[in-house]
Every structure is written in C-alpha cells, then in structure tokens.
Amino acid sequence: MKETYTDAHLKSVLTGAKAVSVVGVSTNPVRPSYYVARYLSLKGYTVIPVNPVYAGQMLFGQTVVASFDAIDAPVDMVDIFRRSDAVPDIVDAAMDQLPTLKTIWMQIGVTHADAAAKARAAGLTVIQNRCPKIEYQRLFGELRMGGFNTGIISSKL
C-alpha cells in the first residue's frame, strides 16, 4: 500500500525537527546521502552523520559516528539512507538509544511496513519513500518547473 502524506503534515515534521541523524551518510559529495545531509545542514538543521565506515571524520561541522549509542545530543529525526531490509534494526536502535526521537524518515525507495508500524505504535511519526530535501524545497518554495531553483529571475541576461 502506498502511503500518502498531506503537505501540512510534512511541513509540520520539517519545521518541528531541529536535529537530524542521517544514517548511511557518505563523505562523497556526489552521493545523495551527502548532498541531502549538506542541504539540511545549510537550512539550519543540526545534522548528526551516522556511518561506521567514516566514523571519526568530520562532515558539516559534526563528527561522523558509528552508531546511535555514540550520540550524546538530542535527535528529533532519523533520516535513513540504507536498504529497506536494514530498516528494522535501525528503527529498533533509534527507539532504544534516542530518547528525544520524534520522526523516522525513510528515503526514496526505502520502506518497511513492519518497522513503520512498530515505530508508530511507539508514538513516532513515520514517513517512507520520501526525501526531506525534496519535500523541504517543494513546500518552502525552492523548487521551480524543472525541479530545481536556477536563481534566474528572467530569461533575459
């Protein structure tokens, strides 16, 4: 079953979150996980990168951590850049180790009905198969007809 979300709901989640843990973040600037995390950091979110491969490296002013248990700051939202079959363990760990967690967000192509149901039963908001960067741009007027903001006001130079 395809889930749908109202614009008001998505906007509420995006405006309510202040700290986002991005699971599966890459240090490679051409990877979607990198540029989504970077975008969120540029929009004022505290981005806490999680990836054991890059643990100890710096990204967006934060140290990459191997897992949630290394995070000692409040986290409002977890953004998952992992395959769908990895989601249950990520959701369980997030619920166990992030006491201020409000939202589980699964990136485009990432869904897991059972993990989503478990998180919702625990009182969390769950968004699946969406990208917070795309939704932020769409809901806050940064996307244009071509799907991007060119910054050009007219066609005349």
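The values are calculated or read from the model by the stated rules, or taken from the named source; none is laboratory data. The structure presented is a predicted model; accordingly, all values stated were derived computationally and were not measured. With ideal geometry, Cβ positions are generated from the backbone for all residues, glycine too; neighbour counts draw on all protein chains shown.
Does L59 fit the bill of being among the hydrophobic types (A, V, I, L, M, F, W, C), in contact with a Ser or Thr (Cβ under 8 Å, 6 or more places away or on another chain) and over 27 Å from R120 (Cβ atoms)? Yes: the conditions hold for L59.
For K156, only one of the following conditions fails: (1) among the basic types (K, R); (2) in contact with a strand residue (DSSP E or B) (Cβ under 6 Å, 6 or more places away or on another chain); (3) at pLDDT below 95. What is its number? In the conditions (1) among the basic types (K, R); (2) in contact with a strand residue (DSSP E or B) (Cβ under 6 Å, 6 or more places away or on another chain); (3) at pLDDT below 95, K156 misses (2) alone. Once segment 75-111 is narrowed to residues that are free of Cβ contacts under 8 Å to residues at least 40 places away in the same chain and part of a strand (DSSP E or B), the residue that is farthest from A19 (Cα to Cα) is M106.
None of Y35, Y39, Y54 is crowded, with 17+ Cβ neighbours inside 10 Å, under 18 Å from M106 (Cβ atoms) and not hydrophobic (A, V, I, L, M, F, W, C) except Y39. The listed residues are A122, A115, and the only one of them that is surrounded by fewer than 18 Cβ atoms within 10 Å (Cβ to Cβ) and either under 18 Å from T27 (Cα atoms) or more than 14 Å from the chain's Cα centre (by Cα) (or both) turns out to be A122.
What's the total number of residues in segment 60-70 that are assigned to a loop (DSSP other than H, G, I, E, B) and surrounded by 18 or more Cβ atoms within 10 Å (Cβ to Cβ)? If you could, list the steps in order and put the result at the bottom.
First, the residues of segment 60-70 that are assigned to a loop (DSSP other than H, G, I, E, B): 60-61, 64, 66-67.
Those still in the list that are surrounded by 18 or more Cβ atoms within 10 Å (Cβ to Cβ) too: 60, 64.
Qualifying residue count for the region: 2.
Restricting attention to segment 3-35, the residues that are part of a helix (DSSP H, G or I), closer than 16 Å to V50 by Cβ and out of contact with any Ser or Thr (no Cβ under 6 Å at 6 or more places or on another chain) add up to 1.
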